[in-house]
Amino acid sequence: MDKLLKSWNECEQEVSANVTGKIPDWINGHMIRLGPGKWDLDDDFRLNHWLDGCALLCKFSIENGKVLFKSKFLESDAYNKMLMILTSVKKPVFTEFGTRAYPDPCKNVFARFFSQIVPSDLTDNGCIGIYRLRDEYYAASETCNVWRFDCNTLSAIEKVNLDKLIGVNLASAHVQHMHSEPFAYNLTSSFLKGLKYHIIKIPVQQNLQQIGEHKEESVFTKASILVSIPSSWSTCITYYHSYGITQNYIVFLEQPLLVNAFKLATCTPKGKPLKDCFEWCPNEKTKFYVVDKTSGKVVSKYNSESIFHFHHINAYEDNNHIVCDIITYDDSSILEKWTLDKLRSNEWDVNSPPIPRRYVLPLPTDKKFEQGKNLVLLENSEAKAEMNEKGHIWLTPEQLGIPGFELPSINYKHFNGKKYRYCYGSGVFERGHFANAICKLDVITKEALIWRESETLYPGECVFIGRPDAVDEDDGVVLCIVLDSDETKPHFLLILDAKSFKEIARAEIHRDVAHIPATIHGIYTPN
């Protein structure tokens, strides 16, 4: 595994992949991936955490059965200053998740002090999430600074500051959009003007002013706050990475991994990394909020046992219930597993694996809920919801399958926010049942198909592409980047038939041609 976490160089000129098998003729488009790709800044300094690495964009262009590859570092302010392009520091001048910030020599003493307490100077190293809004592409971390980039050249176009546009300090790297709806949504928060969570809505079907090759205005200039929800804690806000969306609702969890707002506001002057602002509070409950997408009202709240989660698999409405499927952990220790020291020394703690769980949330009706009874009335559901004497509803989840996979994906275009059956996932760095594998989970039968070839292979996130005019949910292919820790062998783009989960083609990139990092998230866009 340590062989996969070296610092790479970008490959700005497209190179050809060696294709074996036959890529279906109807696959013509780009798969763009994003992840950290450089940690070693010079001979005696490196970043501390996997998520601190410089954001590297990778693109696989597929057309007429051929595949081209290119990569480029996201030209963020964090990257340019970290790599001595704009300064002589060669160290991060923004506070990263596991690495403290160092003084920026480009700023005078007053500017340095001011930048330590304003959210505009949170890192813009967008190495985590990638999304498309209309014809605009964005790379994001989890701060208010996101980068719009050109999907053809992978060059940065503009930095969008959500604090200045909307007044939010932190934002999820996962923007949610249901196909054909006029708005996309994101979960954000503020910590300088009151501890609140904000759901923002972004119009994606409006015409914006265009000058030259790119739009003058980002779609975010038209974004607005749908609802603001006060934090349950006076000094903290919850950490969140994703959330659920259905036809009519947004589901948001306050989990007991808390971000201390005072520590967050002072971590830069105190020389602390962002992770030192986090507090795991296992005695706190997990709180579920259900928000109406039209009115912005919080229509119901629920409690459950303490969990940690990054990713919602999917959510949907079913007979006056919301079914919410999530990859959960029993604690937040996964964040410590991703330190560069542990990953490069192949130290992987098998405790607290990712567990797929289903929560069923009964929606309020004219009929009052009965105390002490299971309020989940869905057929064949093992999940429970019970109201106590205080009128609070306690959720008990159903486990959907064997623990051990992460980075869940679905047939997003047609089944996001709707009743579905199949989820695709990756063992990533895990050493359990899905080690060195990707899987297709049937959430009804709880059975999983597995693709696995070698113990030296580390597959990443799966991306589903539906066949044109498909009827079945799983009629299409699954694309996945697979890295090989055996340095004598190439990395490759794997293409599986989604129904059978059997390989139909792969596109190999030899190491003497280009390097591919362990990316986190990505999207596919047709030509």
Check your understanding: Taking the range 454-471, which residues are within 24 Å of residue 401 (Cα to Cα) and free of Cβ contacts under 8 Å to residues at least 24 places away in the same chain?
Key -> 455
Review point. Which one is surrounded by the most Cβ atoms within 10 Å (Cβ to Cβ) among residues in the range 480-501 that are closer than 13 Å to residue 454 by Cα and among the acidic types (Asp, Glu)?
Key: 484
Exercise for review: Could you list all residues from the range 247-264 that are in a loop (DSSP other than H, G, I, E, B) and surrounded by 23 or more Cβ atoms within 10 Å (Cβ to Cβ)?
Suggested key: 255, 256
Exercise for review: Kindly indicate the residue of the range 432-449 that is in contact with a Ser or Thr (Cβ under 9 Å, 6 or more places away or on another chain) and part of a strand (DSSP E or B) and also farthest from residue 406 (Cα to Cα) among those meeting that condition.
Suggested key: 449
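For every residue, the table says whether it meets (1) farther than 19 Å from residue 463 by Cβ; (2) assigned to a strand (DSSP E or B).
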{"residue": "7", "(1), (2)": "yes, no"}
{"residue": "14", "(1), (2)": "yes, yes"}
{"residue": "19", "(1), (2)": "no, yes"}
{"residue": "31", "(1), (2)": "no, yes"}
Point to revise | Search result, residues across the range 255-282 that are of a type outside the set (S, T, N, Q), free of Cβ contacts under 8 Å to residues at least 40 places away in the same chain and under 21 Å from residue 144 (Cα atoms) | key: 258, 262, 263, 276, 277
Check your understanding: Do we find a residue being crowded, with 18+ Cβ neighbours inside 10 Å, in contact (Cβ under 8 Å) with a residue 12 or more places away in the chain, in contact with a strand residue (DSSP E or B) (Cβ under 7 Å, 6 or more places away or on another chain) and farther than 28 Å from residue 170 by Cβ anywhere in the range 12-22?
Key -> yes
Study note, to complete from the structure: Within the range 456-479, restricting to residues that are modelled with pLDDT of 95 or more and of a type in the set (D, E, K, R), the one that is surrounded by the fewest Cβ atoms within 10 Å (Cβ to Cβ) is 472
Exercise for review: Being of a type outside the set (A, V, I, L, M, F, W, C) and touching a strand residue (DSSP E or B) at 6+ places or on another chain (Cβ under 6 Å) is the filter; apply it to the range 479-514 and report the residue that is farthest from residue 20 (Cα to Cα).
Suggested key: 484
**Study point:** In the range 42-59, the residues that are crowded, with 24+ Cβ neighbours inside 10 Å and either among the hydrophobic types (A, V, I, L, M, F, W, C) or farther than 16 Å from residue 140 by Cβ (or both)
**Key:** 47, 50, 51, 54, 55, 56, 57, 58
Check your understanding: What are the residues in the range 419-435 that are charged (D, E, K, R) and either buried (at least 19 other Cβ atoms within 10 Å of the Cβ) or without any contact (Cβ under 8 Å) to a residue 40 or more places away in the chain (or both), if any?
Key -> 430
Practice item. Would you check if there is a residue in the range 365-375 being among the aliphatic types (A, V, I, L, M), part of a loop (DSSP other than H, G, I, E, B) and exposed (fewer than 15 other Cβ atoms within 10 Å of the Cβ)? Key: no
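The values are calculated or read from the model by the stated rules, or taken from the named source; none is laboratory data. Please read these numbers as outputs of a predicted model, since none were measured by experiment. Note: ideal-geometry Cβ built from the backbone for every residue, glycine included; neighbour counts use all protein chains shown.
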